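One structure below.
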There are 2 protein chains.
Amino acid sequence: MQISSQIVSDAVEALSGFPGIGKRTALRLVMYLLKRPEMEVVRLAESLIKLKTDLFLCKSCGNVSDEEICSICSNHARNNGVVCVVEDFSDLMAIESTNQFGGRYHVLGGLISPMEGIGPDDLNIMSLVNRIEQDNIQEILLALSATVEGDTTMFYIAKKIKDTGVKITCIARGISVGGEIEYADEITLGRSILQRTEYQV
Amino acid sequence: MQISSQIVSDAVEALSGFPGIGKRTALRLVMYLLKRPEMEVVRLAESLIKLKTDLFLCKSCGNVSDEEICSICSNHARNNGVVCVVEDFSDLMAIESTNQFGGRYHVLGGLISPMEGIGPDDLNIMSLVNRIEQDNIQEILLALSATVEGDTTMFYIAKKIKDTGVKITCIARGISVGGEIEYADEITLGRSILQRTEYQV
């Protein structure tokens, strides 16, 4: 596509760096911005810059935060005894949205992945071990994706913290709610049978 | 979705204003930006602000431009006698990409649409009439979308400039290249028969 304006071309180039946004979509977004009031575009730009300049990583759990300690870690109403280990911030939010977890979190910042050159030392695993030793933590709930990387990371963490004597749990794997058995994959179905739970009447 | 950080929440809010981008996609984009170097995010933000502060609308044709007169209008190699009328900048680019048009453009900035409250006075139609009178223009090529709004706008412009004696043409409507007759809609197929062209051997 030929763009006659360098300014438009620069903006398209910058926006098409986003995952899932190609040149055409980027151009559509630029066209949209051209029609919006200047104030709105400036507000957008400022909010993006603030992401890099004003945002902290919580000193305790590694969650993104407006303060040094995030709103979850500083909330005394939450259960201090259970820590849920997640890959990143979006997983944390997904779990928060369920309203089923009242403890605290620990954000790893990724998963162990030899393919991408990410080892245990690149993740916030040591700080988790320190938290278990310092705080009075009774349970570590591992809530990582059911992938090779997720399983590897869970295994690594479990081995690392086993000696502290903390209880280690992991979120249930099974048929998703609303899912039909006929269409479930064999591994999930197999696991859901192995890990069957007592039916409550 | 519950976002614990106000800064993240503001960025998600701003990004989800884009057409076709919902809260979830906006959050994915924010997650992506959090992992990018600060310089890259600043460059993105600056390029967006520049769209509103440094960009001109070409005084002659209404195209977006880095200068007061756009690169197409100031290119003396282009044919000054034919002016292609388009709805907006993205249509202009689509036509430029074909490499089949060597004349100049006139960007209306929209189409007449009573439903959206857009009348002829909201578009760059008077400046087109002035151009025809001032410059030595022989042909006006109407390249507007084949919609009710497009047809209305073409009809309005054609009536408005008829008296100037300029030749008025319109891009061909018909079966798209690679299209199968069986699947073409009746109106398009009907028009392609009415407007049949001589077969060149």
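Exposure proxy ranking for A:18, A:56, A:155, based on other Cβ atoms within 10 angstrom of each Cβ and starting from the fewest, stands as A:155, A:56, A:18. Among residues of chain A, the one whose Cβ lies closest to the rotation axis carrying chain A onto chain B, together with that distance rounded to whole Å, is A:45, 2. Take residue A:24, move 7 Å from Cα toward the beta carbon, and the resulting point lies 2.2 nm from the same point in each other copy, nearest first. Taking every residue in B:18-28 and counting other chain Cβ atoms within 10 Å of its Cβ, the average works out to 3.
Projected onto the charge dipole of the stretch A:76-201 (+1 at Lys/Arg Cβ, -1 at Asp/Glu Cβ, origin at the Cα centre), which of A:156, A:113, A:83 gives the Cα projection farthest towards the positive end? After comparing all options, I get A:83. Its alpha carbons considered, the stretch A:87-201 gives a radius of gyration followed by a Dmax of 15.7, 49 Å. Rounded to whole numbers, the Karplus 3J(HN,Hα) couplings from phi for the stretch A:61-69 are 10, x, 5, 5, 7, 7, 10, 5, 10 Hz, using 6.51 cos²θ - 1.76 cosθ + 1.60 with θ = phi - 60°, and x at Gly and Pro. Distance between the 7 Å Cα→Cβ label points at residue B:98 and residue A:121: 6.0 nm. Scaling against 2.2 N^0.38 Å puts the C-alpha radius of gyration of the stretch A:44-90 at 1.32. Each distinct pair of alpha carbons in chain A adds a 1/r term; the inverse of their mean, the Kirkwood radius, is 20.3 Å. 3J(HN,Hα) along the stretch B:163-172: 5, 6, x, 6, 6, 10, 10, 9, 4, 5 Hz, from the Karplus curve 6.51 cos²θ - 1.76 cosθ + 1.60 with θ = phi - 60°, whole Hz, x for Gly and Pro. For residue B:118, the residues whose modelled amide H falls within less than 5 Å of its own, excluding neighbours fewer than 5 places apart on the same chain, are B:113. With a simple spin-label model that places each label point 7 Å from the Cα along the Cα-to-Cβ direction, the separation between residue A:188 and residue B:166 comes to 6.1 nm. The smallest convex shape that holds all Cα atoms of the protein assembly as shown, its convex hull, gives 251 Å³ per residue. Sorted from shortest to longest, the distances between the residue A:127 label points of this copy and the other copies are 5.3 nm, with each point 7 Å from Cα along the line through the beta carbon. Inter-copy label distances for residue A:185: 4.1 nm (label point placed 7 Å from Cα along Cα→Cβ; shortest first). Amide H contacts of residue B:60: B:70, each under 5 Å away and 5 or more positions distant or on a separate chain (H built 1.01 Å from N in the peptide plane; Pro and chain starts excluded). Identify the residues of the stretch A:114-135 with backbone N under 15 Å of a label point that sits 7 angstrom from the Cα of residue A:69 along the Cα-to-Cβ direction, or state none. Taking a point 7 Å out along Cα→Cβ of residue A:69, the residues of the stretch A:114-135 whose backbone N falls under 15 Å are A:131, A:134-135. Taking every lysine pair in chain A that is 8 or more places apart or spans two chains, those with Cα atoms closer than 25 Å amount to 9. Name the long-range amide H neighbours of residue A:170: under 5 Å, sequence gap of 5 or more, or other chain; modelled H, no Pro or chain starts. It is A:142, by chain and number.
Read-outs throughout are calculated quantities, based only on the coordinates presented, and are distinct from any laboratory measurement. Remember, predicted model here, so these are calculated numbers, not experimental data. Quick reminder, even Gly has a Cβ in these numbers, built from the backbone with ideal geometry, and neighbours come from all protein chains shown.
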